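Novice: Let me begin by handing over the structure; questions about it come next.
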Amino acid sequence: MKAADSSGISFTALYTGAVWHRYGLSDEALATEQGRWLYHLMTPFEVGSKTLIGGNIRTFLLQRHLIIDHLIERALERGVTQVLEIACGMSPRGIRLREKHPHLHMVEADLPDMATQKTARLLTSGRLGDHHQVMPIDILAESGEQTLEAVFARAFDSKEPVVVVTEGLTSYFSLPVISEFWKRLAALLQQRPGSVYLSESYLMPNQPLLRGALKCLGGLLSTVTRSDVSFHFLDDQQAAEHFRGCGFPSVAVHNPVEFYGRLPIPESRHDPMVRVIEARI
Ligand SMILES: C[S@@+](CC[C@H](N)C(=O)[O-])C[C@H]1O[C@@H](n2cnc3c(N)ncnc32)[C@H](O)[C@@H]1O
């Protein structure tokens, strides 16, 4: 059976890529013209949200990105030497990690078109090799070379633990659809004790005005990306229980507030809407 097509989401990676670049986290090789253009287009909206509600998309992007980086570093300190970044888009994380940890085995994966673009950009800057690879994947695929299981088998020949990251991916799918992916991932990671899955989730805020605005924004994003943008959980406890139910025995739900003053992340005026999930096997 053919997997559903989620390629409408891919262009959003150009915006996030431009944000990483603008905030000094990226590399020239990953800066795209369309990303620059989207960055300018979004600026009035971003400035307006920051003024009105004390936070904006760029706030939670930087919060989630830098907290995930921090949690990866913690896993590497515990001895993990393999990282798989699914839905890598124009994420510069692979470049940065390989520069800092030359022995790390880094695998980036995304839908075939995005994987081809990423490969070309990393190749021209001389970054790919045995320890840094890019592979096509479709997390919705149930058979063939692009399934999660096939990519794992190709990427990692040992049963050593892996850090798996999905950033900016899961909220584009309904909870039942993405939960199937989480269960398959948990089953794979259970064969590699010590593995960690890192991702982010967005909680629906309590304030009615903000709630209404976010529902509208989610609807708009669903239309332009031809996806099912969803807020999966009402609170941290619900999120943790859900991940445990998917097969991750140990789950921490990190609120960016925990990292204020410790990591160079922007602070939200109210409770941040993003959470970083650290699910360990
Ligand atoms: C918002 S972007 C995030 C990119 C990157 N992680 C970042 O934070 O900059 C979403 C990414 O998900 C990828 N994607 C969409 N559907 C996918 C699927 N079924 N399997 C794997 N990746 C997918 C897109 O191609 C895109 O690169």
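The values are calculated or read from the model by the stated rules, or taken from the named source; none is laboratory data. Worth saying up front: this structure is predicted, and the values here are computed from it rather than measured. Cβ: placed from backbone, ideal geometry, glycine included. Neighbour counts: every protein chain shown.
Novice: Show me the helices (runs of 4 or more DSSP H) entirely contained within the range 1-97 in which 2 or more residues are under 17 Å from the mean Cα position of the chain (by Cα), buried (at least 17 other Cβ atoms within 10 Å of the Cβ) and more than 12 Å from the ligand (Cβ to nearest atom).
Specialist: The qualifying helices (runs of 4 or more DSSP H) are 57-77.
Novice: Right, here's the next one. Do you know which of the residues in the range 133-149 that are over 19 Å from Ala186 (Cβ atoms) and either within 21 Å of the chain's Cα centre (by Cα) or crowded, with 18+ Cβ neighbours inside 10 Å (or both) is farthest from the ligand (Cβ to nearest atom)?
Specialist: If we take residues in the range 133-149 being over 19 Å from Ala186 (Cβ atoms) and either within 21 Å of the chain's Cα centre (by Cα) or crowded, with 18+ Cβ neighbours inside 10 Å (or both), then Gln133 is farthest from the ligand (Cβ to nearest atom).
Novice: Same structure again: Residues in the range 121-132: is at least one closer than 20 Å to Ser195 by Cβ, in a strand (DSSP E or B) and not charged (D, E, K, R)?
Specialist: Yes, because at least one residue in the range 121-132 is closer than 20 Å to Ser195 by Cβ, in a strand (DSSP E or B) and not charged (D, E, K, R).
Novice: For the range 98-116, which positions are crowded, with 18+ Cβ neighbours inside 10 Å, more than 9 Å from the ligand (Cβ to nearest atom) and either assigned to a helix (DSSP H, G or I) or in contact (Cβ under 8 Å) with a residue 40 or more places away in the chain (or both)?
Specialist: Scanning the range 98-116 gives Arg98, His105, Val107.
Novice: Based on what the data block shows, is Thr119 surrounded by fewer than 20 Cβ atoms within 10 Å (Cβ to Cβ), within 24 Å of Phe11 (Cβ to Cβ), within 14 Å of the ligand (Cβ to nearest atom) and at pLDDT 95 or above?
Specialist: yes
Novice: Another question about this same structure. What number of residues within the range 229-254 are crowded, with 17+ Cβ neighbours inside 10 Å and either in contact with a Cys (Cβ under 9 Å, 6 or more places away or on another chain) or among the charged types (D, E, K, R) (or both)?
Specialist: 1
Novice: Using the structure shown, decide if Arg154 is more than 20 Å from the chain's Cα centre (by Cα), surrounded by 13 or more Cβ atoms within 10 Å (Cβ to Cβ) and within 16 Å of the ligand (Cβ to nearest atom).
Specialist: Against the criterion (more than 20 Å from the chain's Cα centre (by Cα), surrounded by 13 or more Cβ atoms within 10 Å (Cβ to Cβ) and within 16 Å of the ligand (Cβ to nearest atom)), Arg154 qualifies.
Novice: I need the full set of residues from the range 157-173 which are within 13 Å of the ligand (Cβ to nearest atom) and surrounded by fewer than 19 Cβ atoms within 10 Å (Cβ to Cβ), in order please.
Specialist: Across the range 157-173, there are no qualifying residues.
Novice: Any residue in the range 177-188 that is hydrophobic (A, V, I, L, M, F, W, C), buried (at least 19 other Cβ atoms within 10 Å of the Cβ) and more than 16 Å from the chain's Cα centre (by Cα)?
Specialist: Yes, some residue in the range 177-188 is hydrophobic (A, V, I, L, M, F, W, C), buried (at least 19 other Cβ atoms within 10 Å of the Cβ) and more than 16 Å from the chain's Cα centre (by Cα).
Novice: Is it the case that Asp228 is among the charged types (D, E, K, R), in a loop (DSSP other than H, G, I, E, B) and under 20 Å from the mean Cα position of the chain (by Cα)?
Specialist: It is true that Asp228 is among the charged types (D, E, K, R), in a loop (DSSP other than H, G, I, E, B) and under 20 Å from the mean Cα position of the chain (by Cα).
Novice: Can Asp130 be described as surrounded by fewer than 20 Cβ atoms within 10 Å (Cβ to Cβ), among the charged types (D, E, K, R), more than 19 Å from Leu25 (Cα to Cα) and away from the ligand (no atom under 14 Å from the Cβ)?
Specialist: yes
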